[in-house]
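Here the structure is laid out as C-alpha cells; the discussion comes afterwards.
The values are calculated or read from the model by the stated rules, or taken from the named source; none is laboratory data. Note that the coordinates shown come from a computational prediction; the quantities given were computed from them, not determined experimentally. Here the Cβ positions follow ideal geometry from the backbone for every residue, glycine too, while neighbour counts run over all protein chains shown. Surface areas here come from the heavy atoms of the whole protein model, side chains and all, with no ligands, DNA or RNA. Shrake-Rupley method; radii C 1.70, N 1.55, O 1.52, S 1.80 Å.
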Amino acid sequence: MNLSRVILFLSWGANRGDAFAPSMLVSRRDVIKTYLSASTASAVEKNAKKKTTEARHCIPLQEIGLDDLPKVGGKTASLGEMIQKLTPLGVSVPGGFGVCSTAYDAVLDRFQLRERLDLLMSDVDVNNIDDLANRGRQAHLMIMNAGLPPEVVEQIEEAYDSISNKPRSSTWSASTAFATPSLNAWRLFFTDRAIAYRVHNGFDHMQVKGAVSIQLCPDTGFHDVVVITGSYGLGESVVGGKVDPDEIQVFKPMIGKAEDPIIKRSIGCKQTQIVYSRDGSDKRVKTILTPDADASKHCFSDEEAKTLAEWCVKIEKHYSKHHGHPTPMNIEWAKDSITGELFIVQARPETVRSAQASNLLKQTQVTEHEPPIVEGNAIGSDAASGKARVMRDVSQLSTMKPGEIIVAGMTLFGTGIYRFCS
C-alpha cells in the first residue's frame, strides 16, 4: 500500500503572528509601511516563548479524536475518531498522522509571509474575476516560495518513521514527499473560490488555519440507501469529479438480513485514472486513459459493496449518536491494489443534507422542457434556468454575465459538471 494521501481542511483560530515573508510580488517596503506600528517588545516576547516551547506539529491519527478539531481540523479529527471508536467494530481505517494547524502558522511566520498575504488580500475585488485570479496566483507563489520550516520537516520525518507497514525505498524521503503536497494543500486556501467565500461571509483571511492529513491509502437524499461509487486509480478522480464512476446502491434496512440488499447497479465510463509515476520523473502521479476492457466492467464487486455498506451504516450510527441527531455522512474508501484489502480513508457529515431538517424532503420538478442537448451526472437535486454559456478556458470567466449557466468539461465553482460518455 502506498503513501500518501493529502487532505485539506479548514479550522478556525484567533491568534495572529508577527512575521513577514519575502516575495517579489508584494514589496517589503509596502509591508513595513503598513505594519511599522507593530510592537517590537511584543515580537521579542513571542520569539522568546517560541524558543522555550516547541509546538507539536504532527500527531498520530490514533491519538486524535473529535475533541481535537480546533488543532487538526474536522477531517483529520474524524479519521482519528474512527480509528479509536470504529476499528473495534470491524471498520478498517489506515493509519497515518495529522500535520497540525501549528505547522501552517509556522509557514506563515517564515520570512514575513503572514503580513504580506494580509496586505495582498486587504483590497481584493472579488467581483473582478481578473483581479481575483491575479491575487490568488500571487498568494500561491508566496506560500510555495516560503517552504516548510526545518522543525516541521523534522517532525514530519519522525511521524512517518513511526508508521508501521509503510513503503520502503532507498531513494524515498519523507521530507521531499510531503513538503510540496503540504504546501500545495495550504495554498488552496487562496483559490479564487476560497478567497471570494471568505470575503462574502466576512471571514478574515488570516484567521483561517489549515492542516494536512497523511495516510497509508490505497447522492441521492434517500436516507435508507448507501450509494457507493468507485473508479480505478487514486481517489482524486472520483472526489474531484474527473470521471463518471461505477455506482452500486445498497438498501440499508436489508443489510445483514437479505442475501442481496443491492437495489441498483450501474457502470460508469471511468474515462481516466490517476496512478503513481514509476518512470523516474519529478511528478509523483500521472493521469492515463482507462483501457476499454477495464472501463466496461465494475471496478468493485457486489461483496465489496456489501462490506462497505455495512461499514457506512456503523459510521453513520456513530456520528449520529455523537451529534445527537441523524447525520448523513460523506465517506471515502480505498482498495489496496496489492492485497485487495478495503479501507475507509475519510468520513465527514454530508454538507448539504446534514444541515437540513431530517423530517423535510425538498424536491424540484421541471414540468416542461425542450429535448435535452447534453446529459451528465447531477451533483445536486435542484433545477435552474438561464442562458447557457460554454466555457472552454478559465480566462473566459470574466466575460460571463449574471444569470448565465456554465457548461464546461468540469468546473470548480460549485456549478454543474457535464461530461460525455462515448
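Odds and ends about this structure:
- Selection within the range 31-78: residues that are at pLDDT below 90, hydrophobic (A, V, I, L, M, F, W, C) and not in a loop (DSSP other than H, G, I, E, B). The member of this set that is surrounded by the fewest Cβ atoms within 10 Å (Cβ to Cβ) is 41.
- Of all residue pairs spaced 6 or more apart or on separate chains, those with beta-carbon atoms under 6 Å, a first member in the range 121-134 that is farther than 13 Å from residue 399 by Cβ and a second member that is of a type in the set (Val, Ile, Thr) and in a loop (DSSP other than H, G, I, E, B) are 132/126.
- The single condition among (1) of a type in the set (D, E, K, R); (2) under 28 Å from residue 394 (Cα atoms); (3) modelled with pLDDT of 85 or more; (4) surrounded by fewer than 16 Cβ atoms within 10 Å (Cβ to Cβ) that residue 219 does not meet is (3).
- Pair list, Cβ < 9 Å and 6+ apart or interchain, from the range 327-339 residues that are among the acidic types (Asp, Glu) to residues that are open to solvent by 30 Å² or more (accessible area, probe 1.4 Å) and modelled with pLDDT of 90 or more: none
- Residues considered: 395, 354, 385, 381. Of these, the only one that is open to solvent by 90 Å² or more (accessible area, probe 1.4 Å), at pLDDT below 90 and not β-branched (Val, Ile, Thr) is 385.
- Enumeration of residues in the range 104-149 that are in a loop (DSSP other than H, G, I, E, B) and closer than 15 Å to residue 209 by Cα: 109
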